[in-house]
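Colleague: One structure follows; several queries about it will come next.
The values are calculated or read from the model by the stated rules, or taken from the named source; none is laboratory data. This is a predicted model, so every value here is computed, not measured. So basically every Cβ, Gly included, is an ideal-geometry build from the backbone, and we count neighbours across all protein chains shown.
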Amino acid sequence: MSYISTPLQEQDVVGLFHQLSALGVFTGIKIYATSQSKTYDCLAEYDCPPGQKGLLYHAPDDNPLGGSPYTLGTHKRFSTKQLTIEFKNNLDGLIADVEGDSPKSFGNIDVCVCWSKVGTSFQGYEIEAITEANLDERQYPGVTHLLRRDGDAHVIKVMMLETIVSMIRAGKLKIPVSSLD
């Protein structure tokens with residue numbers, strides 16, 4: 001991984017996400033488009049065979065970003081609908097967008113990819129880290145947190161890149177060996 005500085009802008013987050021995606025950190029992700037001028041930033045889906053390395057969670061230090069077998073099921077393929085992804089430098093920016101004058105709607109965002117969060121609490125929102133206790137709520141590989149809004153059934157899955165990079169640096173998350181070598 002060649003990215004060595006803390007992302008300062010949204011475009012840094014976009015670049016780091018695409019680099020981690022290309023390295024196979026988000027098992028099965030397929031990216032259709034990324035745009036800085038459309039309402040939402042990215043369109044993607046997950047699609048891979050069920051036995052693909054990295055798809056399933058094993059332990060906090062062995063594929064910690066994989067999904068639970070219970071959630072992913074025993075289908076012939078793990079595949080999702082097309083997902084709307086929103087990039088933000090910090091999670092606070094997403095909340096400001098959906099609460100402000102932006103045309104972005106909380107219910108239309110499936111995944112938020114951000115570096116971190118600035119605030120520790122957000123009025124009307126709850127951010128929850130994915131742990132072994134709630135692993136069954138990780139619907140997609142790479143999701144580290146869940147963002148819930150009071151009174152709303154929709155949950156935005158969050159990929160907090162600061163958490164993911166920390167896992168890589170601590171040796172808890174191994175970057176898959178590329179088949180392009």
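Colleague: In the range 111-151, which strands (runs of 3 or more DSSP E) lie fully inside it and hold 3 or more residues that are at pLDDT 95 or above?
Modeller: 111-116, 145-149
Colleague: For the range 69-83, name all the residues that are farther than 12 Å from Lys30 by Cα and either assigned to a helix (DSSP H, G or I) or of a type in the set (Val, Ile, Thr) (or both).
Modeller: Once the filter is applied, which keeps residues that are farther than 12 Å from Lys30 by Cα and either assigned to a helix (DSSP H, G or I) or of a type in the set (Val, Ile, Thr) (or both), the range 69-83 yields Pro69, Tyr70, Thr71, Leu72, Thr74.
Condition check ((1) touching an Asp or Glu at 6+ places or on another chain (Cβ under 9 Å); (2) touching a residue at least 40 places away in the same chain (Cβ under 8 Å); (3) within 23 Å of Tyr32 (Cα to Cα); (4) surrounded by 12 or more Cβ atoms within 10 Å (Cβ to Cβ)) across all residues:
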site	(1), (2), (3), (4)
Gly73	no, no, no, no
Lys76	no, no, yes, no
Asp101	no, no, no, no
Asp110	yes, yes, yes, yes
Ser116	yes, yes, no, yes
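Colleague: Let me ask something else. Considering every residue within the range 36-53, establish whether at least one is over 16 Å from the mean Cα position of the chain (by Cα) and either crowded, with 19+ Cβ neighbours inside 10 Å or closer than 26 Å to Glu126 by Cβ (or both). Quick ask: steps written out before the conclusion?
Modeller: Filtering the range 36-53 for residues over 16 Å from the mean Cα position of the chain (by Cα) gives 36-39, 48-53.
Narrowing the set further to residues that are either crowded, with 19+ Cβ neighbours inside 10 Å or closer than 26 Å to Glu126 by Cβ (or both) leaves 39.
For the range 36-53, residues over 16 Å from the mean Cα position of the chain (by Cα) and either crowded, with 19+ Cβ neighbours inside 10 Å or closer than 26 Å to Glu126 by Cβ (or both): present.
Colleague: I want to confirm something. Restricting to the range 80-97 and keeping residues that are without any contact (Cβ under 8 Å) to a residue 40 or more places away in the chain and farther than 19 Å from Thr163 by Cβ, which single residue is surrounded by the most Cβ atoms within 10 Å (Cβ to Cβ)?
Modeller: Filtering the range 80-97 for residues that are without any contact (Cβ under 8 Å) to a residue 40 or more places away in the chain and farther than 19 Å from Thr163 by Cβ, the one surrounded by the most Cβ atoms within 10 Å (Cβ to Cβ) comes out as Asp97.
Colleague: Just one of (1) more than 15 Å from Ser68 (Cα to Cα); (2) surrounded by 18 or more Cβ atoms within 10 Å (Cβ to Cβ); (3) out of contact with any helix residue (DSSP H, G or I) (no Cβ under 6 Å at 6 or more places or on another chain); (4) not acidic (Asp, Glu) trips up Ser166, so point out which.
Modeller: That leaves (2) as the condition not met.
Colleague: Test of understanding: among Gly66, Gly100, Gly28, which residue is at pLDDT 85 or above, over 17 Å from Thr144 (Cβ atoms) and either among the small types (Gly, Ala, Ser) or touching a helix residue (DSSP H, G or I) at 6+ places or on another chain (Cβ under 6 Å) (or both)? Don't jump to the end; show me each part of the working.
Modeller: Working: Gly66 fails: over 17 Å from Thr144 (Cβ atoms); Gly28 fails: over 17 Å from Thr144 (Cβ atoms).
Within the list Gly66, Gly100, Gly28, the selection yields Gly100.
Colleague: Suppose we filter the range 4-54 for residues that are touching a residue at least 40 places away in the same chain (Cβ under 8 Å) and not β-branched (Val, Ile, Thr); how many remain?
Modeller: Counting residues in the range 4-54 that are touching a residue at least 40 places away in the same chain (Cβ under 8 Å) and not β-branched (Val, Ile, Thr) gives 21.
Colleague: Filter the range 10-26 for residues that are touching a strand residue (DSSP E or B) at 6+ places or on another chain (Cβ under 6 Å) and part of a loop (DSSP other than H, G, I, E, B) and give the result. Reasoning before the result, please.
Modeller: Initial filter on the range 10-26 (touching a strand residue (DSSP E or B) at 6+ places or on another chain (Cβ under 6 Å)): 10, 13-14, 17, 21.
If the condition is that a residue be touching a strand residue (DSSP E or B) at 6+ places or on another chain (Cβ under 6 Å) and part of a loop (DSSP other than H, G, I, E, B), then no residue fits.
Colleague: I've got another one for you. Glu126 versus (1) free of Cβ contacts under 8 Å to residues at least 24 places away in the same chain; (2) touching a Lys or Arg at 6+ places or on another chain (Cβ under 7 Å): which is the lone unmet condition?
Modeller: Condition (1) is where Glu126 drops out.
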